[in-house]
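What follows is a short report on a single structure.
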Amino acid sequence: MKKIIISFFFLVLLLQVWAGRYAGDFIAIGSGVRPIGMGGAFAAIADESSAIHWNPAGIAQLRDPQVMLTRAFLYEGLASYDNITYCQPLPNDVTIGFGWTRLTIDNIPVFNEEHLVGTVDQRAAFPWLNLTAIPDDKFTSTDDLFQFAFAKHLHKDIDIGWLFFEIPVDMYFGSSMKYIKRTLYKNVGDGTGFDFSLLGRTNLGMLVDVDWLGDIAVGVNFQNVGNTSITWDVASEHTDDILQNTKLGVMVEQPIPAIKSTLILSSDFEYVYNGTDRFGCEFDYQGKVQARCGYVNNQYFDDNGDEVSAGLSVRIYRVLVDYAFVTNTLGNTNRVGLRVSF
């Protein structure tokens, strides 16, 4: 097992050197409602079906089948973002998951350049030669992401030497295969990609010999490993490469027995676009109500890329109703969703 883990990391880090460039950024919007409410700091939590995006290894934490539906209204109604995921635990601590995500932009105007007259200089000098503001047609642009994820859970009690007992460690390994399809006016582009991830979790109290402390977890997700690209159905066979990304996260989960509640603090760092810091906090009251908040610091956009988020979930039997609100320079976003376990 040690050799397998070392070989896995060596392969992933080597492939990370070969990077793509720009395309498929709609994938980075992220699925689910709860993770978005926590600022996307979810790589080390990943305990619901939306983990297919944030850290596929995490779906092995699910003990029951789960369906999740998400609807988001982006940038003051400019676009809609829909997502559905399903995860199914199998024997031998294996879990598989399926996900579909669609970004839709409607009513994009089309202006036919065949109506243009004169040269560029002539149209600059005589504005009435330019096209009118009345479009010749409108179309809908769609971006689709289909994902299949596989995850495996391993448990090990480790004797680290200086203690008189063993430390329980839960390790989760996962991967995700994705198919991307983009439709823009009369053209279609598609491609495939792969993610590899892992998540480790143990009891912090046992590590530092403080009984009342809860669990700590670390997660990493290598996204678009290798050369993930989108090829368009045009004569030139133009290809858009997708940037590779690494998500590295840490989480502390602290039970509060006096009120039968739990507090989660999480932090993620993403290496793409000069780095993005994500911070999240969630308070779960007796498993019935969850309140959360998050903060994102995107170093590529300086202060203009900062986002603040908040969210709330209410449990009704085995159904969780989720809501999240996110600020954005292009327009604030509202997300609603359902998580159903059965």
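Which one of these is touching a His at 6+ places or on another chain (Cβ under 9 Å) and not small (Gly, Ala, Ser): Trp232, Trp212?
Just a single option satisfies the conditions, and that option is Trp232.
I need every pair where a residue in the stretch 272-298 that is in contact (Cβ under 8 Å) with a residue 24 or more places away in the chain has its Cβ under 6 Å from the Cβ of a residue that is in a strand (DSSP E or B) and of a type in the set (Lys, Arg), sequence separation at least 6 or different chains.
Between residues of the stretch 272-298 that are in contact (Cβ under 8 Å) with a residue 24 or more places away in the chain and residues that are in a strand (DSSP E or B) and of a type in the set (Lys, Arg), the close pairs are Glu282/Arg292; Lys288/Arg315; Val296/Arg278.
Let's see how each residue does on (1) crowded, with 18+ Cβ neighbours inside 10 Å; (2) free of Cβ contacts under 8 Å to residues at least 24 places away in the same chain:
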{"residue": "Val210", "(1), (2)": "no, yes"}
{"residue": "Gly214", "(1), (2)": "no, no"}
{"residue": "Val225", "(1), (2)": "yes, no"}
{"residue": "Thr231", "(1), (2)": "no, no"}
{"residue": "Leu243", "(1), (2)": "yes, no"}
{"residue": "Leu248", "(1), (2)": "no, no"}
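Name the residues in the stretch 69-91 that are part of a strand (DSSP E or B) and under 19 Å from Gly174 (Cα atoms), would you?
Result: Thr85, Tyr86, Cys87, Gln88, Pro89, Leu90.
Give me the pairs, please: first residue somewhere in the stretch 318-335 and at positive phi, second residue anywhere and not in a strand (DSSP E or B), beta-carbon distance under 9 Å, and either six or more positions apart or on two chains.
Final answer for the pair search is Gly331/Tyr75; Gly331/Glu76; Gly331/Gly77; Gly331/Leu78.
Within the stretch 164-185, track down each residue that is assigned to a loop (DSSP other than H, G, I, E, B) and in contact (Cβ under 8 Å) with a residue 12 or more places away in the chain.
Phe165, Tyr185
Do we find a residue being among the acidic types (Asp, Glu), over 17 Å from the mean Cα position of the chain (by Cα), at pLDDT below 95 and not in a strand (DSSP E or B) anywhere in the stretch 240-260?
No, because not a single residue in the stretch 240-260 is among the acidic types (Asp, Glu), over 17 Å from the mean Cα position of the chain (by Cα), at pLDDT below 95 and not in a strand (DSSP E or B).
Is it fair to say Gln286 is of a type in the set (S, T, N, Q), farther than 21 Å from Ala28 by Cβ, more than 15 Å from the chain's Cα centre (by Cα) and surrounded by 14 or more Cβ atoms within 10 Å (Cβ to Cβ)?
Criteria not met by Gln286.
The values are calculated or read from the model by the stated rules, or taken from the named source; none is laboratory data. The structure presented is a predicted model; accordingly, all values stated were derived computationally and were not measured. Positions of Cβ are generated from backbone atoms using ideal geometry, with glycine treated the same way; all protein chains shown enter the neighbour counts.
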